[in-house]
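Chemist: Sending over a structure as structure tokens; questions will come in a sec.
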Amino acid sequence: MRKVFLIMLICIVEIFPQQKIADELINSVITNFNRVKDYEVDIEIKVDVDFLKVPDSKAKIYFKQPDKIRLKSEGFAMLPKEGLDFSPSALTKKDYTAIYEQDVTLNGKKVSVVKVIPVGEQSNVILSTLWIDPIDKVIRKVESTTKTNGTFTIEFYYNDSFNYPLPEKMVFTFNIDKLNLPKAFTTDGNTPKKKKRLPDAPTKGNVIVKYSDYKVNKGIPDSVFEESK
Amino acid sequence: MDSKNEELVIEIRNLSKYFNELKAVDNLNINVFRGDVFGFLGPNGAGKSTTIRMLLTLIKPTKGSIKIFGKDLFRDRLSILKNVGAIVEKPDFYGYLSAYKNLEILGKISGHEISNKRIMEVLELVGLSDRYKSKVKTFSHGMKQRLGIAQALLHDPDLIILDEPTTGLDPMGMKEIRELIIHLSRDQKKTVFLSSHILNEVEQVANRMIIINKGTAKVEGNVKDLLDATNLSVTVEVSDVLKAGSLISESGWSEKLKGISGNRMEFNIGNQETAQLNKFFVENGVDVYSIVPTRSLEEYFLRITQEAI
Amino acid sequence: MLTLVGIELFKVFRKWRTYIGFIAIGVLVPIIHIAMVYEGKNTIDFMTRNIQQSFVFVGNLLNTYLISYIVLTSLTVHIPFLITLVAGDLLAGEATAGTYRLMLTRPVTREKFVTAKFIAGVIYTNLLILWLALMSLAVGYFIFGVGELLIIRGDMVIIFEQKDVLWRFLGAYGYASLGMTVVASLAYLFSSLVENAIGPIVSTMAVIIVFVIISAINVELLQSIRPYLFTNYISSWQLFFDNPLDVEEILKSIGILILHIVLFFGATLIIFKRKDILT
């Protein structure tokens, strides 16, 4: 019993400093991001998923602190749920435990790897890994494992000359189990013969989003975020 | 009317039509000359309609040939049919269209330019001009029969083939049709091929005729010749058959006596002789109750008609 | 010939039964539209439920294209009935009415008569599909507007750009017209054989239903004869919604349909030319 207590104590002692570093890193990112009160940005979305054929689309994203976000498009546009709102507070808005792991080099930049474990049942995410740039105070990569949607990775690319911690490109990669599509409206069985996927092969895909023409802190009325239907 | 030297309008040679085992028409030969009103007589089921359908290319013969206007019917079908008007069996039309529209459609494919005036003219001729807008499905059988004649005459053909044109008409209508046929023949010099199962009808309008039964020709010739007085027999009903008998045996009438049954005596005599015989009986004190002429052709026709039934 | 076609068209369009098809589509399609006003969102949710777990999307997916696609899919079984109603009556109707005797004793060749009637039937068929297209697309446009087309083909979710859809529909309707012309020519063939219009309608539908059932049964033997059943190609208008377009497959299917039309019509021509008109 005493031994167990000792191990636990050691663990706590060991973890605490690491957690402290992790929290600091995350907070620095959040603080940095909080300079952005709102933004409006044009995006170009390219979806490349083998069970999904979607044309390249253009849309606008509106964001307002703390958590108002809206995807708007004249035509059709789709984004991975996790790829819509990349504000760090969204990634970490629920209770979590963060642990600093190590420093690595990612795409020529030195980054700190931080593991984030959400606390509580309600979160879909089981474990996230953040690659945080401690100098630029931005997240450069996120990898999350979810309960239902498999694993996804988001990589952010920033324009160094841009004043705000907002990405110019995001690459969203996911790897999920097969989706069961409803068989409705395919009654004739005339399916295209050529590209048959293996029934249980996991689905890979990526979505590339390019951001351009940011309008930051220009003020966005709340009405923009209201459902217009 | 002797038509032997005239132009043949219809020339049917060895015509046969078999439906499986049934010989509907068997080795039929017919000549119809220009200007003829040709009676095509036979009981129901004799093969009249089958023959007429072959004349109009609705049915292909099993054997034999048909020439119309001197041309082979099945080779020169289009040019021949341009000049033929016909009604075949019961008159059927597009019931959902008006009488006028029906004629308009048929006019368009008649091979001739048919003016609206012409359509109204034929409707007038058959007495339907006041109903020209009515849908044919509202017409009585008689009216359809008239419309049938109207469409047959629409393009002013040289040869008119009428299949039982008076069926379903009232006596007045029958008379009108007969008069129309006579008018077409006499005044417009049309050739009419008239099928009927009523001898009397043919007799009144036709100059030549043929009687067919079970697909084959039985009697053929000039209507006048066939129905000539020599072929007439008369049944005389008298008051006293014994007295009449003795009177007859003493006179030349005995040669003409065919038989006696009851108080009826049958003679082979013509019209004039009938009057003389009547006078003879009355002058010699025998009362004549009735004189009924019966003709051998009629008897014959009656017999085959009854057989057919 | 033109006169004859004109006459036949006139006759077709003076008949009440001709309008049954137009009325049926004119009532059914708006009903689907109305249903989609209320249920359309659920339909889209149903089609996209798996994607919704991972994606957010915006845009007007409930639009006239989607509804027209659904209408086209669900009506391919029923429109043949409307087609046979008229095509099966073309010749048999004349037999029943006794009007062969009127038409065929005129100086018109039987070949022309049969061809003119067939052309009238084909025109009717195409007008019916055109009407379907008009009802689906135009009415839908006024209610739902246009947008991207979301469909599920096999195990793929495909979304077509708005500007990439209309030509596909034109191709699909054109193809559907051709498919329905096969149905019409089959009904026409049966129509030349009998003396009443019910026979051809029932037999054509029977053939179609039997063929569709054979196609649907997933047994190796039956599946192997599937490519030889013409019904298999009637619904191939969906090929126009492949991305990329399988042009070879489309041309092959079109070829097979045309072959059937030629075959059925040719048989009708031969049969009718030799036919004794007994009605």
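The values are calculated or read from the model by the stated rules, or taken from the named source; none is laboratory data. Because the structure is predicted, anything quoted here is derived from the model rather than measured. Counting neighbours? That spans all protein chains shown, and the Cβs are built from the backbone with ideal geometry, glycine included.
Chemist: So, in the range C:206-228, how many residues would count as being more than 10 Å from chain A (Cβ to nearest Cβ) and within 18 Å of C:T84 (Cα to Cα)? Full working, then the answer.
Modeler: At the first step, the residues of the range C:206-228 found to be more than 10 Å from chain A (Cβ to nearest Cβ) are C:206-211, C:213-214, C:217, C:219-222, C:224-225, C:227-228.
If we keep only those that are within 18 Å of C:T84 (Cα to Cα) as well, we get C:206-211.
Of the residues in that region, 6 qualify.
Chemist: Can you name the condition, by its number, that C:T73 falls short on among (1) facing another protein chain (nearest Cβ under 9 Å); (2) surrounded by fewer than 21 Cβ atoms within 10 Å (Cβ to Cβ); (3) over 28 Å from C:V210 (Cβ atoms)?
Modeler: Only one criterion in (1) facing another protein chain (nearest Cβ under 9 Å); (2) surrounded by fewer than 21 Cβ atoms within 10 Å (Cβ to Cβ); (3) over 28 Å from C:V210 (Cβ atoms) is unmet by C:T73, namely (3).
Chemist: Can I ask one more? Does any residue of the range A:139-158 turn out to be within 14 Å of chain C (Cβ to nearest Cβ), under 30 Å from C:L72 (Cβ atoms) and at pLDDT 80 or above?
Modeler: no
Chemist: Still on this structure, I have one more. Can you pull out the residues in the range C:241-279 that are away from chain B (no Cβ under 14 Å), surrounded by 13 or more Cβ atoms within 10 Å (Cβ to Cβ), over 19 Å from C:P227 (Cβ atoms) and not aliphatic (A, V, I, L, M)?
Modeler: Listed by number, the residues that qualify are C:F241, C:N243, C:F265, C:T268.
Chemist: Out of all the residues in the range C:31-53, is one or more assigned to a loop (DSSP other than H, G, I, E, B) and at the interface with chain A (Cβ under 9 Å from one of its Cβ atoms)?
Modeler: The answer is yes; a qualifying residue exists.
Chemist: To continue, here is another question. Report whether or not B:S49 is in contact with a strand residue (DSSP E or B) (Cβ under 8 Å, 6 or more places away or on another chain) and in a helix (DSSP H, G or I). Let's see the steps before the verdict.
Modeler: Values: in contact with a strand residue (DSSP E or B) (Cβ under 8 Å, 6 or more places away or on another chain): yes; in a helix (DSSP H, G or I): yes.
For B:S49, the condition - in contact with a strand residue (DSSP E or B) (Cβ under 8 Å, 6 or more places away or on another chain) and in a helix (DSSP H, G or I) - is met.
Chemist: Among residues belonging to the range C:41-70 that are under 25 Å from the mean Cα position of the chain (by Cα) and not hydroxyl-bearing (S, T, Y), point out the one that is surrounded by the fewest Cβ atoms within 10 Å (Cβ to Cβ). Before the answer, list the steps.
Modeler: Restricting attention to the range C:41-70, the residues satisfying the condition of being under 25 Å from the mean Cα position of the chain (by Cα) are C:43, C:62-70.
From the residues that got through so far, the ones that are not hydroxyl-bearing (S, T, Y) too are C:62-63, C:66-67, C:70.
On the way: C:L62: 21, C:N63: 24, C:L66: 25, C:I67: 25, C:I70: 19.
This residue is C:I70.
Chemist: Please go through the range B:42-87 and give me each residue that is under 24 Å from B:L302 (Cα atoms) and either free of Cβ contacts under 8 Å to residues at least 12 places away in the same chain or in the same structural domain as B:Y300 (by TED's automatic domain parsing) (or both), ordered by number. Quick ask: steps written out before the conclusion?
Modeler: Let us first name the residues in the range B:42-87 that are under 24 Å from B:L302 (Cα atoms), namely B:42-52.
The answer is none; no residue qualifies.
Chemist: Same structure again: Helices (runs of 4 or more DSSP H) wholly in the range B:73-171 with at least 1 residues that are under 22 Å from B:E201 (Cα atoms) - which ones? Before the answer, list the steps.
Modeler: On the way: elements: B:77-81, B:99-108, B:116-125, B:141-153.
Qualifying helices (runs of 4 or more DSSP H): B:116-125, B:141-153.
Chemist: Check C:R106 against each of (1) of a type outside the set (S, T, Y); (2) at the interface with another protein chain (Cβ under 9 Å from one of its Cβ atoms); (3) assigned to a helix (DSSP H, G or I); (4) within 30 Å of C:L193 (Cβ to Cβ) and name the one condition it does not meet.
Modeler: C:R106 satisfies every listed condition except (3).
Chemist: For the range B:184-243, which strands (runs of 3 or more DSSP E) that fit wholly inside it have 3 or more residues that are at pLDDT 85 or above? Walk me through how you get there before you give the answer.
Modeler: On the way: elements: B:191-196, B:208-213, B:216-222, B:232-238.
Passing ranges, in order: B:191-196, B:208-213, B:232-238.
Chemist: Right, here's the next one. What single numbered condition from (1) within 22 Å of the chain's Cα centre (by Cα); (2) more than 12 Å from chain A (Cβ to nearest Cβ) fails to hold for C:L149?
Modeler: With respect to (1) within 22 Å of the chain's Cα centre (by Cα); (2) more than 12 Å from chain A (Cβ to nearest Cβ), C:L149 is out only on (2).
Chemist: Something else about it: Which of the residues that make up the range B:53-81 are basic (K, R), crowded, with 17+ Cβ neighbours inside 10 Å and either facing chain C (nearest Cβ under 8 Å) or closer than 15 Å to C:A97 by Cβ (or both)? Give the steps one after another, and end with the answer.
Modeler: In the first step, residues of the range B:53-81 are kept if they are basic (K, R); the result is B:53, B:60, B:63, B:67, B:71, B:75, B:77.
The next check asks that each one be crowded, with 17+ Cβ neighbours inside 10 Å; those that pass are B:53, B:67, B:77.
The answer is B:R53, B:R77.
Chemist: Residue check: is C:V202 hydrophobic (A, V, I, L, M, F, W, C) and away from chain A (no Cβ under 14 Å)?
Modeler: The answer is yes for C:V202.
Chemist: Does A:I126 satisfy the criteria of being part of a strand (DSSP E or B) and in contact with an Asp or Glu (Cβ under 9 Å, 6 or more places away or on another chain)? Give the derivation first.
Modeler: Details: part of a strand (DSSP E or B): yes; in contact with an Asp or Glu (Cβ under 9 Å, 6 or more places away or on another chain): no.
No; evaluated as a whole, the condition is false for this residue.
Chemist: Where in the range C:189-279 are there helices (runs of 4 or more DSSP H), lying wholly inside it, with at least 3 residues that are without any contact (Cβ under 8 Å) to a residue 12 or more places away in the chain and not small (G, A, S)? Spell out the reasoning first.
Modeler: Details: elements: C:198-216, C:220-225, C:231-234, C:247-274.
Of the helices (runs of 4 or more DSSP H) lying wholly inside the range C:189-279, those with at least 3 residues that are without any contact (Cβ under 8 Å) to a residue 12 or more places away in the chain and not small (G, A, S) span C:198-216, C:220-225, C:247-274.
Chemist: Taking only the range B:275-298 into account, find how many residues are touching a strand residue (DSSP E or B) at 6+ places or on another chain (Cβ under 9 Å) and either touching a residue at least 60 places away in the same chain (Cβ under 8 Å) or exposed (fewer than 11 other Cβ atoms within 10 Å of the Cβ) (or both).
Modeler: 7
Chemist: With among the acidic types (D, E) and within 29 Å of C:L170 (Cβ to Cβ) as the only criterion, which of C:E249, C:E220, C:E195 stands out?
Modeler: Details: C:E220 fails: within 29 Å of C:L170 (Cβ to Cβ); C:E195 fails: within 29 Å of C:L170 (Cβ to Cβ).
Among C:E249, C:E220, C:E195, only C:E249 is among the acidic types (D, E) and within 29 Å of C:L170 (Cβ to Cβ).
Chemist: Right, here's the next one. If C:G140 meets every condition in (1) within 14 Å of another protein chain (Cβ to nearest Cβ); (2) under 12 Å from C:N63 (Cα atoms) apart from one, which number is that one?
Modeler: Exception for C:G140: condition (1).
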